[in-house]
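All remarks here apply to the structure that follows.
The values are calculated or read from the model by the stated rules, or taken from the named source; none is laboratory data. All figures in this text were calculated on a predicted structure; none of them were measured in a lab. Cβ: placed from backbone, ideal geometry, glycine included. Neighbour counts: every protein chain shown. Ligands, DNA and RNA are stripped out before the accessible areas are found, and what is left, the full protein with its side chains, is counted by its heavy atoms. Shrake-Rupley method; radii C 1.70, N 1.55, O 1.52, S 1.80 Å.
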Amino acid sequence: MPVSPPAPLPLLKRIPPGLWTALVWGVAAVQPIVEYVLMPPRHEYSLSYPRDGLDSLTAQALLALAFLVVLTGSVLLRRRTVVAYGLVVVGTVISAVAWRQDEVLPLQFLGVDVALCYVAATRPRRTAITATAGTLGVLAGYLLLRWITGGESGTASEPFVALTAVIAWLIGDSVHQARAHTAELHARAAAQAVTAERLRIAREMHDTVAHSIGIIALQAGAAARVVETQPARAREAMITVEHVGRETLAGLRRMLGALRQTDQEQEPAPRHREPTGHDQGRTQAPLRPAAGLADLERLAATTTAAGVRVEVWWQGKRRPLPVDIDLAALRIVQEAVTNVVRHAAADHCQVKVEYREDELVVEVVDRGKGGGTNTENPDTGFGLVGMRERVALLGGRFTAGPRPGGGFRVAARLPVPAVAGTGSGATAGTR
């Protein structure tokens, strides 16, 4: 099945985080140069960005170095996140030194906040907390230095800048947790899908192989008992064994082929590879129509030929069924008949299939032992479990147990959607 290409990411998400950091930091660094140095003098004057603050070559060199360090950190932000974040912080400090600032202004620290948010979103929590603590330490150093030199006056900007850093860490940490939770949900869903597929394959193999092996064992035993006295019957039984064995082997090959084909569809095909004859045979092999109640008569004939007579009763107006319901009904009958052959020690059983307006009723009864166990071949219980799972997946009801008058009864009610359609009618009858 072709895989549709993923939807393109929004424009904001397609921009690398390093470019965001460089843009925000660059705009915050260029804005005071344009406003307070390049523009004509105005009445407003900034103490943090004086007009002659960049007159000296040292100040210009420091500011150029700050740009170089921050741009380097922005380029390395995706590959060397922690080192790159440290370069962004160092470049911000160098920029403050170039302007002879004794504090970090909020606008100039926005680039650091963007980088810190990316660190918290992509790196383990311990690493993000360490980066945040280092940033708060730098801000505390500014505040402590002014307090020691006696330059502290008015309202300090460091507490507000520290608050923006903490908010950036909280946003990044929430993104990190959301991604981790999403990855966990995807992994859990994938595991559940694998488990469900394994159970489906196990049910299908059990229902098909167990029935065929039961018929083979019964026919082989009959042939062994009459091989000397009735060679013709023994030969007929062995022909049946061969026929059932070939059908079972073909079914297993089809199932394995379907599994291999699914795996190949999920894997990208290698480039510039010419298909071999083996590959062409595998991909172009015709698929067998899905099994269903149309195969019930053949199932009954095979089982009857093996020594256990199967009477099929059709009731109601027969009509096409959804594939999953049709297959489930056949597998339930097949497994129930297999249990009769293997465990009931009965010479016949009855199968009733009733088409109702909104449901399909399947019932298999026999007059054998009724316990479903055999001292020589103890029942593992997988058959009843598989039937119950099939019915539960379709939202139906399933019952199985000994009958009051002796024997065993298996019954399933499968809801049929109203859109299943109608077909040619068939009156109630027996076989």
I'd like to check one number: the per residue accessible area of segment 89-231, probe 1.4 Å, reported in Å² as a whole number. 54 Å²
Hey, got the dipole for segment 97-227? About the Cα centre, +1 on K and R Cβ, -1 on D and E Cβ, debye to the nearest 20? 680 debye
Gain in length, residue 68 to residue 253, computed as 0.36 nm per residue apart minus the alpha-carbon separation, to one decimal in nm? 60.1 nm
Estimated FRET transfer efficiency (residue 19, residue 297; beta-carbon r; R0 60 Å; 0.05): 0.30
Which log10 I(q)/I(0) values does segment 79-166 give at q = 0.19, 0.26 Å⁻¹ under the Debye formula, counting every alpha carbon as one identical point scatterer? -0.83, -1.39
Once the Cβ-Cβ distance between residue 83 and residue 156 is put in as r, and R0 is 25 Å, what FRET efficiency do you end up with, to the nearest 0.05? 0.25
In whole angstrom, note down how far apart the Cα centers of segment 120-144 and segment 28-98 are. 21 Å
Under the 0.36 nm per residue contour assumption, what length would be gained going from the current alpha-carbon distance of residue 229 and residue 34 to full extension? 59.0 nm
Options 71, 58, 48, ranked by Cα towards positive dipole end of segment 35-110, top entry (Cβ charges): 71
If R₀ is 56 angstrom, what is the calculated FRET efficiency for the pair residue 127 and residue 198, using the beta carbon separation as r and rounding to 0.05? 0.90
Heads up, I need the accessible area for residue 181: 1.4 angstrom probe, whole protein in place, Å², nearest 10. 100 Å²
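Once you have the Cα-Cα distance between residue 183 and residue 243, take 0.36 nm times their residue separation minus that, and quote the gain in nm to one decimal.
On the way: separation 60, 0.36 × 60 = 21.60 nm, distance 4.95 nm.
Extending this stretch completely gives an extra 16.6 nm.
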What does the accessible area of residue 215 come to, in Å² to the nearest 10, when a probe of 1.4 Å is used? 0 Å²
What figure in square angstrom, to the nearest 10, would you give for the accessible area of residue 238 with a 1.4 Å probe? 90 Å²
